[in-house]
Amino acid sequence: MASRTLAIRRGDLERLAGKRLLMANLASLAATCGLVLLGGLTALLLWRLVSGGIPCGGLLEGDVRTASGTITEFSPSRTQMLVISTYTLIYGVAQMVAHPELGIHMPRALVAVQVGSHAVYLVGKAYSLLVGRIDWKGRSQ
Amino acid sequence: VSNETPPAPSSSPNTALVGILAVVAGAGFLYYFPANRNLAMDKLTIAIGYALLILIFLFGLIVLLKMATGEIDLRLLLAEDGGNGASMSRFQLLVFTLVIAMSFFLIVAHTQQFPTMSAEVLTLLGISATTYGVSKGIQASSGQTKGDPTPTAASPPVTPRENPQAAPAAAPGQDNAAG
């Protein structure tokens, strides 16, 4: 009887060990697959951005409405948005690399700055496209 | 009456892939088919985990390969609708999504558990998506869309990159003479 109980326990232990091994293999395989997919996507997009496959021309230029049509010129609101977004991303990634167990944490002030930056961009864009440089009294620049 | 027989349908790579997967799944099921019920549940859990992983990986891989070969066109990924160049809101949303996805992947790989999404990260993603949506709305309101047939008023070029497609609607009391 005792030998039979021991045999059952030994079988359970082997089953448990096998299950844990398979689950560990599944986790490592999932990590590898995720790395391949995410890394591949990032590398592909970066390569296309660098090589010109995805055109980035005019990223810092915006359309402005005038009386004679729409012109394209340098946009300070886009520039400030790019700078603040880049800083936010670098800050977040640096925090994450330094303390990966804490996840991505950002100070609320930085989030508020980001909100303000986006608001400035949107207001600037709306003003440029909907109002522009039109003098409603009859003159335009 | 023509004796020609219709050509046999060519087997597509997708059919072959599904066939191979079915054979592998069947062989695995036959090999791992257990008599013990607890063992069966364990095996089923692990088998579903592997099957889901393979399925999701293949979906992602197919999309990635189509992007790499150019079958999925990425040239207009950042293009602004009706505008001249790239869209800042699209670019920003793309970069935010990629960086946050990579960060979460690294966290999962490091801690081996599902991470909690902080309110700040959700706020950042929400801001980006909202900015993109509002930006599209502003463009649509200004009539600067892709299929806008509004002709451009003849005018001297103000900058070298004048947009010939988008002309503003006539404003009340507006003088069209450029000054």
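We did not get these values from a lab; they are worked out from the coordinates using the rules stated. Quick caveat: nothing in here was measured; it's all calculated off a predicted structure. Here the Cβ is made from the backbone with ideal geometry for all residues, glycine too, and neighbour counts use every protein chain on show.
Across region A:9-110, Cα-Cα distances exceeding 18 Å account for 75% of all pairs.
Rounded to whole numbers, the Karplus 3J(HN,Hα) couplings from phi for region A:63-76 are 7, 10, 7, 10, 5, 9, x, 10, 10, 10, 8, 4, 10, x Hz, using 6.51 cos²θ - 1.76 cosθ + 1.60 with θ = phi - 60°, and x at Gly and Pro.
Label-to-label distance, A:VAL93 versus A:VAL113, with points set 7 angstrom from Cα along the beta-carbon direction: 1.7 nm.
So if each residue of separation counts as 0.36 nm, and I subtract the Cα-Cα distance between A:VAL131 and A:THR42, what length gain in nm does that give?
28.2 nm
Between the amide H of A:THR70 and those of B:ASN163, distances stay under 5 Å, these residues lying 5 or more places away or on another chain, with hydrogens modeled in the peptide plane.
Entry for region B:83-136 at q = 0.21 Å⁻¹: log10 I(q)/I(0) = -0.79, Debye formula applied to identical alpha-carbon scatterers, no solvent contribution. Using the empirical formula 2.2 N^0.38 Å as the baseline, the Cα radius of gyration of region B:43-140 reaches a ratio of 1.40. Between A:GLU101 and A:SER51, the contour length at 0.36 nm per residue exceeds the alpha carbon distance by 14.4 nm.
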